[in-house]
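Report on the structure given below.
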Amino acid sequence: MAQKENRFKRHTITAALPYTNGPIHIGHLAGVYVPADIYARYLRLTGKDVAFVCGSDEHGVAIPMKAKKEGITPRELIDKYHGIIKKSFEDFGITFDNYSRTSAQVHHETASEIFKKLYDQGDFVEETTAQLYDAEAQQFLADRFVVGTCPRCGHEEAYGDQCENCGSSLNATDLIDPKSTVTGGVPVLKETKHWFLPLDRHEGFLREWILKGHKKDWKTNVYGQCKSWIDGGLEPRAVTRDLDWGIPVPVKGGEGKVLYVWFDAPIGYISSTKEWAAREGRDWEPYWKEKDTKLVHFIGKDNIVFHCIIFPSILHAEGSYVLPENVPANEFLNLEGNKLSTSKNWAVWLHEYLEEFPDMQDVLRYTLTANAPETKDNDFTWKDFQARNNNELVAIFGNFINRVVVLTNKYYQGVVPGPSDLTTVDRTTLDELKRFPETISGSIDRYRFREAGQELMNLARLGNKYLADAEPWKVIKEDEARVRTIMFVALQIATGLAVLSEPFLPFTSNKLKKMLKIDQGPIEGLCWENVPNMEVLLRPGHQIDSAQLLFRKIEDSEIQAQLDKLAATKKANENENKAPMPQKDTITFDDFTKLDMRVGTILEAEKMAKTKKLMVLKVDTGLDTRTIVSGIAESFAPEEIIGKRVTVLINLAPRALRGVDSEGMILMTENADGKLVFVNPDEAGVGNGEGIS
């Protein structure tokens with residue numbers, strides 16, 4: 001791995017651009033920003049040339065949607081959240097070399113230049129297609145302005161570009177019963193002209209680069225998703241949208257249209273690098289165009305396609321840019337057993353955390369790293385957060401350092417003692433210390449940050465065990481020379497922790513360096529890569545400072561306050577969901593008489609595989625036995641509804657749900673507790689097949 005890394009002269013690291021339609025929460029941190037920052041800090045510590053860039057994504061339909069909801073302009077919205085996000089990152093210690101924004105002039109120019117070059121080269125195809133249009137608002141509806149039922153899983157709140165329930169990528173025209181989020185009306189199809197990136201033309205390149213190339217060292221979720229897309233056959237992807245918010249399409253015929261956010265947003269990495277280079281008096285091009293540059297994208301799993309299929313196709317078509325060496329995408333982080341949700345306020349917001357837990361940035365960094373969703377979705381709980389702090393950071397890391405510094409000051413006035421003869425245990429312990437840099441590096445180089453963080457804690461465990469076994473506070477009474485050796489060895493471990501903890505616990509590392517007085521300038525030769533080679537990390541005679549607690553215990557009352565806060569959020573969401581549904585559009589009596597409702601009996605019931613809500617029913621309607629797919633699986637077990645008499649709408653047009661044709665609808669309602677119940681035909685005293693009017 002080290003030989004492979006050494007072939008790169010520089011490293012360009014990108015972190016997914018956060019949307020400026022809300023603050024940063026722990027899901028963003030765990031998925032993208034903490035691992036990216038660990039990686040960037042580590043590379044700098046090992047002497048690498050690094051450009052770590054990010055910025056606010058200020059275009060796309062989410063921005064005007066949120067602005068409308070808040071009653072402000074899109075510009076006011078992006079200025080508000082850009083400021084909150086940027087300050088949160090700074091306060092949390094994310095060390096971007098540059099944090100830009102896609103509203104910047106340099107970004108508009110860069111995105112427009114790349115679009116025009118591909119346009120001039122004939123890399124786009126121009127198509128007139130039918131898209132959803134809101135006649136009342138007199139505007140075409142971008143993907144996120146349309147909601148409806150997912151044709152794959154039946155989720156009733158899918159967006160026009162993606163179903164957040166099953167993760168499927170969609171087109172707005174795929175949705176069943178689509179509705180405009182602008183007016184609530186039913187959109188119509190209307191023709192409009194757009195430019196498309198013909199991904200099918202790039203299939204050979206992508207197959208060679210990813211599937212036949214060396215990308216099998218990518219994470220399983222990344223490689224698997226790429227292979228699925230390529231093997232499924234790639235189709236042209238629109239790169240323009242009918243919107244008035246974004247980067248204007250810079251070619252003739254593009255009036256009234258903007259660049260699609262997923263064309264312009266990844267280019268934000270390039271424009272952010274340009275901004276950094278201009279400020280620092282450097283040349284940006286080697287960081288994006290020299291073959292000895294290693295480009296790594298840190299993203300969440302929902303962005304894999306854009307960073308591994310679409311953006312590389314754009315760069316490949318442009319012709320002068322390097323392609324990513326790796327895209328270590330993480331899975332999702334849940335909160336207390338439920339999916340994080342910005343709209344439902346089900347989140348731990350970074351700016352609020354920093355206010356409520358001041359000077360405890362590293363506790364959150366450590367917890368999110370120790371529980372990182374690297375291979376599967378994981379869950380953040382406040383109890384685990386407390387346990388990680390109290391049982392690991394305080395009891396192991398902090399306890400070891402406190403003992404070492406207190407005893408050094410007590411016995412030797414803070415002066416590092418010279419050792420006498422080293423025992424086998426002493427030598428073994430120092431040899432183990434020297435192995436940790438390589439072990440931790442090996443994990444980081446493979447993007448296994450959770451594993452790397454636990455190796456760091458193992459070093460603290462080594463020190464804690466060494467000191468506990470040696471018991472200098474007892475030995476001092478009978479063998480003062482032995483205690484000098486014990487404290488010397490313990491101080492070497494403490495110094496190793498000060499150096500190796502910096503990528504994971506930067507604030508703690510700084511505190512520890514101040515205590516050891518190695519913060520005023522590096523001790524000669526003391527660095528990450530030299531820890532294994534130096535005979536002595538902290539020399540005898542060196543003066544250290546007095547002890548300070550690295551971590552404090554988190555009390556039960558603090559955790560309960562956070563749980564109460566979430567409980568209040570959950571209750572507020574439930575109350576909001578209980579609000580009466582607005583009256584639907586008025587219908588005529590003739591419309592009503594078209595409904596054919598009959599009494600039926602459920603003969604068979606089976607939960608649909610790979611769905612949460614759907615159940616496949618066989619229902620005797622009195623006329624026939626038909627299949628009906630109903631979203632009741634979370635409310636009823638199959639065995640409890642077999643034989644149940646139900647009210648069925650039988651003349652509803654068949655609809656395919658996850659490959660099963662549903663030939664009707666079961667009538668349901670909610671009781672006072674908000675639970676689904678059947679509309680009971682038994683009260684009407686009618687038999688199977690008889691109509692209800």
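The numbers here are math on the coordinates, done by the rules we state, and not lab data. Values in this document were obtained by computation on a predicted structure and should not be read as measured data. Positions of Cβ are backbone-derived with ideal geometry, glycine not excepted, and every protein chain shown enters the neighbour counts.
Assuming 0.36 nm per residue, please report the length gained on full extension of the stretch Glu355 to Glu606 beyond their Cα-Cα distance.
Stretched fully, the Glu355-Glu606 segment lengthens by 85.4 nm.
Computed on alpha carbon atoms, what radius of gyration and Dmax characterise region 389-547, expressed in Å?
That works out to 14.8, 48 Å for Rg and Dmax.
Once the Cα gyration tensor of region 518-652 is found, what semi-axes does its equivalent ellipsoid get, as square roots of 5 times the eigenvalues, in whole Å, sorted largest first?
69, 23, 16
What do you get for the angle between helix 361-370 and the principal long axis of the chain? Use alpha-carbon atoms, 0 to 90 degrees, nearest ten.
For 361-370 against the chain, the angle is about 70 degrees.
For region 441-474 and region 28-47, what is the separation of their C-alpha centers, rounded to whole Å?
After rounding, the separation between the Cα centres reads 19 Å.
Per DSSP H run of at least 4 residues, take -39500 (n - 2.57); add these up for the chain, divide by its residues and hand me the 222 nm value, nearest 500 deg cm²/dmol.
Result for the chain: -11500 deg cm²/dmol, rounded to the nearest 500.
Report, to the nearest 10°, how far helix 506-516 tilts away from the longest principal axis of the Cα atoms in the chain, using its own Cα long axis and a range of 0 to 90°.
On a 0 to 90 degree scale, this one is about 10.
Assuming a viscosity of 1.306 mPa s and a temperature of 10 °C, what translational diffusion coefficient in µm² per second does Stokes-Einstein assign to region 611-657, Rh being the Kirkwood radius over Cα pairs?
In µm²/s, the coefficient rounds to 136.
By how many nm would the segment from Ser169 to Asp556 lengthen if fully extended, with 0.36 nm per residue of separation less the alpha-carbon distance?
Extra length available between Ser169 and Asp556 comes to 135.0 nm.
Just to check I understand the Karplus step: with θ = phi - 60° and J = 6.51 cos²θ - 1.76 cosθ + 1.60, what whole-Hz values come out for region 537-549, glycine and proline as x?
Karplus-based 3J(HN,Hα) across region 537-549 equals 8, 10, 6, x, x, 6, 8, 9, 8, 6, 6, 9, 5 Hz.
With the Cα gyration tensor of region 250-331 in hand, give its eigenvalues times 5 under a square root as the equivalent ellipsoid semi-axes, listed largest first in whole angstrom.
Semi-axis lengths for region 250-331 are 22, 20, 13 Å.
Project the alpha carbons of region 539-610 onto their principal axes and report the range along each, largest first, in whole Å.
Principal-axis extents of the Cα atoms in region 539-610, largest first: 96, 33, 24 Å.
What number in nm² do you get for region 96-146 if you take the convex hull of its Cα atoms and divide its surface by four?
Computing the convex hull of the Cα atoms and averaging its projections yields 6.3 nm².
Pull up all non-local amide H partners of Phe380: gap of 5 or more, or a different chain, and H-to-H distance under 5 Å with H placed in the peptide plane.
Result for Phe380 returns Asn334, Leu335, Glu336, Gly337.
Give the long-range amide H neighbours of Asn98: residues separated by 5 or more places, or on another chain, with amide H under 5 Å away, using H modelled in the peptide plane at 1.01 Å from N.
Residues meeting the amide H criterion: Phe52, Cys54.
Report the semi-axes of the equivalent ellipsoid for region 291-336 in whole Å, largest first, where each axis is √(5λ) for an eigenvalue λ of the Cα gyration tensor.
Output for region 291-336: semi-axes of 26, 12, 5 Å.
Using label points projected 7 Å from each Cα along Cα→Cβ, tell me how many nm separate Leu189 and Lys227, to one decimal.
Going from the Leu189 label point to the Lys227 one covers 3.6 nm.
Just from the alpha-carbon atoms, what are the Rg and Dmax of region 373-423 in angstroms?
18.2, 51
When the expected Rg is taken as 2.2 N^0.38 Å, what fraction or multiple of it is the alpha-carbon Rg of region 26-159?
In units of the 2.2 N^0.38 Å rule of thumb, it is 1.38.
Calculate, in whole percent, how much of the Cα-Cα pair population of the chain lies beyond 41 Å.
42 percent
Can you give the relative contact order of the chain as a percent, counting alpha carbon pairs under 8 Å and 6+ residues apart?
Contact order relative to length: 12 percent.
Kindly provide the pair-distance distribution of region 41-104 built from C-alpha pairs, with 5 Å bins from 0 and whole-percent values in order of increasing distance.
With 5 Å bins starting at 0, P(r) equals 4, 16, 22, 18, 14, 11, 6, 4, 3, 1.
I need the calculated FRET efficiency for the pair Glu438 and Glu634, taking r as the beta carbon distance and R₀ as 35 Å, to the nearest 0.05.
About 0.10, to the nearest 0.05.
Between the alpha-carbon centers of region 205-253 and region 356-430, tell me the distance in whole angstrom.
That distance is 43 Å.
Which net charge results for the neighbourhood of Pro654, defined as the other residues with beta-carbon distances under 12 angstrom from its beta-carbon, given Lys and Arg at +1 and Asp and Glu at -1?
Neighbour charge sum, excluding Pro654 itself: 0.
Mind checking which aspartates and glutamates have their C-alpha under 13 Å from Lys339, skipping anything on the same chain fewer than 8 residues away?
Cα-Cα hits under 13 Å: Glu164, Glu331, Asp377, Asp379.
From the Cα gyration tensor of region 328-453, with a ≥ b ≥ c the square roots of its eigenvalues, which class applies: rounded if a/c is under 1.5, or else prolate if a/b is larger than b/c, or else oblate?
Oblate.
Measure nothing fancy, just the Cα-based angle from helix 105-120's long axis to the longest principal axis of the chain, in degrees from 0 to 90, nearest 10.
Between the helix axis and the principal axis of the chain, the angle is about 60 degrees.
For Glu70, project a label point 7 Å along Cα to C-beta. Then give me every residue of region 336-372 with its amide nitrogen under 20 Å of that point.
341-355
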